[in-house]
Amino acid sequence: MLFRVQSAAVFGIKAYPVSVEVDLSSGQKLNLQTVGLPDTAVRESSERVKAALRNCGFVLPAQHITINLAPADLKKEGSAFDLPMAIGILGASGRVRTQNLSSFLFMGELSLDGSIRPVKGTLSMAAMARERGLHHLIVPEANAREAAVVDGVRAFPVRNLVQVVELLNGKEPWIPLAVDRDQLLAQRSVYDLDFKDVKGQYQAKRAMEVAVAGGHNIVLIGPPGSGKTMLARRLPTILPSMTFEEAIETTKIHSVSGLLSDQAGLIATRPFRAPHHTISDAGLIGGGTLPRPGEVSLAHNGVLFLDELPEFHRHVLDVLRQPLEDGEVTIARASMSLTFPARFMLAAAMNPCQCGYYGDPLHQCSCTPPLVQRYLSRVSGPLLDRIDLHIQVPAVKYKELAQDEKCEDSATIRERILAARHIQSKRLESFGIYCNAQMTPRTLRRFCKLDAESEKQMENAITRIGLSARAYDRILRVSRTMADLERVDKIQARHVAEAIQYRTLDRTYWQ
């Protein structure tokens with residue numbers, strides 16, 4: 001007898017339908033064979049499924065069982081096929097009364113005692129199920145919240161195999177899990193950190209406001225203990241709140257990576273990823289035999305923070321060029337090519353030299369000029385060209401640390417940023433972009449025209465400093481953002497002058 005159950009496989013952050021076909025044929029003893037390009041975890045499912053069925057009190061038929069995962073040319077991986085395989089065997093042997101499961105999608109890993117464990121990529125599978133008209137999802141209890149976030153599907157949380165059979169046989173009521181998406185999104189601006197905790201560093205905070213307002217990348221340069229990491233960790237608190245579409249896309253990436261907590265359901269706050277400097281290029285960009293998202297994709301719609309930037313391997317930093325330009329990462333393998341979204345704000349921190357005290361008036365630097373140059377050259381020029389703002393963060397003076405002056409909080413800064421972002425989105429809406437950092441040469445020529453005084457400032461800067469064409473474009477974008485923060489239509493000379501000051505590595509250290 002043939003019985004068919006619907007499931008799904010995840011590649012990248014997209015899910016594809018998989019039909020689990022179970023056939024029972026005559027045989028002298030139980031023999032279970034899985035075909036359809038399964039990987040090791042799927043091939044091992046046969047042993048988990050048999051043990052789970054026995055331990056739940058189901059008698060396995062003494063027949064040859066063939067399980068086909070269709071389409072057969074699609075690589076199947078993971079343990080999400082355990083539950084649909086078990087239901088297929090029970091259905092083929094007459095233990096499941098519901099014969100038509102065409103609108104159901106099953107997923108879940110089976111323990112040997114029949115309990116159902118969570119799986120990766122549930123949100124992607126739920127989104128695919130809605131598109132395919134599979135409106136009933138049988139999902140592990142731990143994954144139910146993320147599946148229920150998708151509108152148009154009914155997610156039924158299950159704890160064990162016996163419960164699933166009783167549901168299908170009508171012995172248990174069908175009670176789908178309901179979640180309040182508005183309530184989940186209400187947590188999108190709730191952070192434990194706040195800019196009001198940062199004493200002093202007014203220029204750095206101003207630069208961070210400019211960076212977030214225009215979606216620009218930023219690098220902080222200063223001695224140890226000056227507050228670079230403290231500032232960077234507060235960047236998400238002044239980013240605009242996530243939209244529902246951004247939250248769904250971000251949650252998909254974390255779901256397929258297995259990083260979504262059982263109670264989360266939806267990631268509503270901007271992600272902040274801070275990988276260690278020993279990370280490999282595959283860990284940063286993504287990779288593997290079946291490619292998985294790297295840190296740049298996990299930071300999608302959020303902040304990627306690289307502390308001690310020169311300590312990262314140079315070849316690791318150089319692979320950042322594509323995602324910084326394109327907002328996505330394409331990983332090619334012999335059998336497939338996958339694209340992961342990777343539109344993030346890059347924030348980096350570094351010391352000005354190996355000892356950390358070059359240019360610090362309070363400490364004597366022990367590095368010679370060649371050592372300073374060698375230290376800075378660990379970060380390639382092309383990568384620095386892609387970072388719009390280079391900001392010096394000096395050590396905080398005692399007077400600033402001890403004062404009781406009330407500093408601006410993140411909510412106040414965010415209000416100004418939202419106003420500037422609104423101006424940009426209206427201006428750039430017809431071009432399919434939403435912030436100044438994404439402007440192309442065409443939009444730069446149209447919206448970043450300079451007057452005579454600004455042109456003269458720019459010419460002097462390029463002649464004296466030797467800025468690249470890319471750095472020229474970055475200065476124009478940052479100047480446009482400053483004008484938007486002031487709500488003025490035209491870029492003025494003071495905006496260009498301030499933007500040039502934010503190219504510290506071009507002006508000082510490379511000379």
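The values are calculated or read from the model by the stated rules, or taken from the named source; none is laboratory data. Quantities reported herein were computed from a predicted structural model and do not represent experimental measurements. A quick note on method: Cβ atoms are made from the backbone with ideal geometry, for glycine too, and the neighbour counts reach across all protein chains shown. SASA here: full protein model, heavy atoms, side chains in, ligands and nucleic acids out. Shrake-Rupley method; radii C 1.70, N 1.55, O 1.52, S 1.80 Å.
Tabulated data
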| item | result |
| --- | --- |
| GluC sites (Glu not before Pro) within region 1-104, DSSP loop, no more than 15 other Cβ atoms inside 10 Å | 44 |
| Prolate/oblate/rounded call for region 364-511, Cα gyration tensor, a/c under 1.5 rounded | oblate |
| Phi to ³J(HN,Hα) by Karplus 6.51 cos²θ - 1.76 cosθ + 1.60 over region 484-501, Hz, x for Gly, Pro | 5, 4, 8, 6, 10, 6, 10, 5, 10, 4, 5, 5, 5, 4, 5, 5, 5, 5 |
| Angle between the chain longest axis and helix 452-465 axis [Cα atoms, degrees, rounded to 10] | 80 degrees |
| Carbon plus sulfur fraction of accessible area for the chain, probe 1.4 Å, in percent | 48 percent |
| Cα pair distances exceeding 17 angstrom across region 250-313, given as percent | 43 percent |
| Rounded, prolate or oblate (a/c below 1.5 giving rounded, otherwise prolate when a/b exceeds b/c) for the chain by Cα gyration tensor | prolate |
| Environment charge of residue 473, counting only residues whose C-beta is closer than 11 Å and scoring Lys/Arg +1, Asp/Glu -1 | +4 |
| Under the Karplus curve 6.51 cos²θ - 1.76 cosθ + 1.60, θ = phi - 60°, whole-Hz ³J(HN,Hα) for region 308-315, x wherever Gly or Pro sits | 6, 3, x, 7, 5, 4, 4, 5 |
| Accessible area per residue in Å² at 1.4 Å probe, computed on the chain | 44 Å² |
| Long-range HN-HN contacts of residue 306 with modeled amide H, under 5 Å | 347, 348, 349 |
| Taking the C-alpha atoms of region 122-275, convex hull volume expressed per residue in Å³ | 136 Å³ |
| Cα-Cα P(r), region 308-363, percent of pairs per 10 Å interval | 18, 35, 25, 15, 6, 2 |
| Semi-axis lengths (Å, descending) of the ellipsoid that matches the C-alpha gyration tensor of region 112-164 | 20, 11, 9 |
| Surrounding net charge for residue 297, when Lys and Arg each add one and Asp and Glu each subtract one, Cβ distance under 11 Å | +1 |
